[in-house]
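Working notes for the structure below.
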Amino acid sequence: ALFGRSLAYALGVPAIGVHHMEGHLLAPLLSANPPEFPFVALLVSGGHSQLLLAEGIGRYTLLGESIDDAAGEAFDKVAKLLDLPYPGGPQIARMAEQGDPRAFDLPRPLMHQGLDFSFSGMKTAVMTRYAAVRGQGREADLAASFQEAMVDTLVKKCLKALQQTGQKRLVIAGGVSANRLLRERLEQQLAKISARVHYAEPALCTDNGAMIAFAGWQRLRAGQQDGLAVTTTPRWSLADLNILSEKLKDIT
């Protein structure tokens, strides 16, 4: 951050701080067929699992979030348990193709309790099952069952969020949004309620500069410029980005 502010000062150009998760949220707007506001957004990455109502750039309302592990974190930890390399999401998905998603009955924590997530218990359940079958060649079955439980949980929470907000558009973003099964299941289930899901190109799902530049550009258009001072914010909610709302409303 200090280098960026210093470089902007030296070049005589504006410096704008961008929330990392806002970059992920707006990445699908770079696709060939971008979604229109408003929409419900599912942000699923290694550090975050959130459902938000996005009414425009800079106008976000938090609907639910993980109370413990993020979805991507759970994928990484289960992959490590199964001796798979990092990042865990793609590795779990590949192994799951050879397994039976119904082989292990895994829990879906908080499934019927609002829009918050909890993945720590699911991770613990996988560890317990693995300890019981270690050495039996059941890794693919366990990977498939874990992926099925994760996708089932995410999809049902998204459907609930759409129902509660009355929206017909869903955006999924973040590294986990590249999961093929998650995309297929969302498309199938949303079609049943005449809703649509949008997501970024795979290359824009993981951390990338394009999404940050796009988010910064949108805020620059609204007239936002940050000073040279750098403020450290350990926990910065997307809901706290509801600034310049009137100016941003004019360009969205």
From Cα pairs below 8 angstrom and at least 6 apart in sequence, can you work out the relative contact order of the chain, rounded to a whole percent? 29 percent
What does the C-alpha gyration tensor say about the overall shape of segment 100-189? Classify as rounded when a/c is under 1.5, otherwise prolate if a/b is larger than b/c, or oblate. prolate
Förster radius 51 Å - calculated FRET efficiency between L228 and R102, Cβ distance, rounded to 0.05: 0.35
Which value in nm describes the separation of the simple spin-label points at K80 and E187, placed 7 Å from the Cα toward the beta carbon? 3.3 nm
Relative contact order (%) - segment 1-89, alpha-carbon pairs under 8 angstrom, separation at least six: 16 percent
Extending each Cα 7 Å along its Cβ direction at V133 and S31, get the distance between those two points in nm, one decimal. 3.3 nm
With r as the distance between the Cβ atoms of T61 and L220 and R0 = 35 Å, compute the FRET efficiency 1/(1 + (r/R0)^6) and round to 0.05. 0.90
How many percent of the accessible area of segment 1-127 is carbon or sulfur, using a 1.4 Å probe? 55 percent
Between R180 and L7, Cβ-based FRET efficiency (R0 41 Å, step 0.05) works out to 0.60
Prolate/oblate/rounded label for segment 162-227 (Cα gyration tensor, a/c 1.5): oblate
Where in the chain is the longest stretch that carries no GluC sites (Glu not before Pro) classed as loop by DSSP and with at most 14 other Cβ atoms within 10 Å? 98-252
Taking a ≥ b ≥ c as the square roots of the eigenvalues of the Cα gyration tensor, with a/c under 1.5 meaning rounded and otherwise prolate when a/b exceeds b/c and oblate if not, segment 1-89 is oblate
Using a 1.4 Å probe, what is the accessible area per residue for the chain, in Å²? 49 Å²
For every helix of n ≥ 4 consecutive DSSP H residues, a contribution of -39,500 (n - 2.57) applies; sum these over the chain, divide by its total residues, and give [θ] at 222 nm rounded to the nearest 500 deg cm²/dmol. -13500 deg cm²/dmol
Kyte-Doolittle at least 0.0, axis length at least 30 Å by Cα - qualifying DSSP helices, the chain: 139-165
With charges set only on the Cβ (+1 for Lys and Arg, -1 for Asp and Glu), what does the dipole of the chain come to about its Cα centre, in debye to the nearest 20? 300 debye
Check each of the trypsin sites (Lys or Arg not before Pro) in segment 48-126 and keep only those in coil by DSSP with at most 13 other C-beta atoms within 10 angstrom; list them in order. R102
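The values are calculated or read from the model by the stated rules, or taken from the named source; none is laboratory data. These numbers were taken from a predicted model, which means no experiment stands behind them. Heads up, the Cβs are rebuilt from the backbone with ideal geometry, glycines too, and the neighbour counts pull from every protein chain shown. The area values use the complete protein model at the heavy-atom level, side chains included, leaving out ligands, DNA and RNA. Shrake-Rupley method; radii C 1.70, N 1.55, O 1.52, S 1.80 Å.
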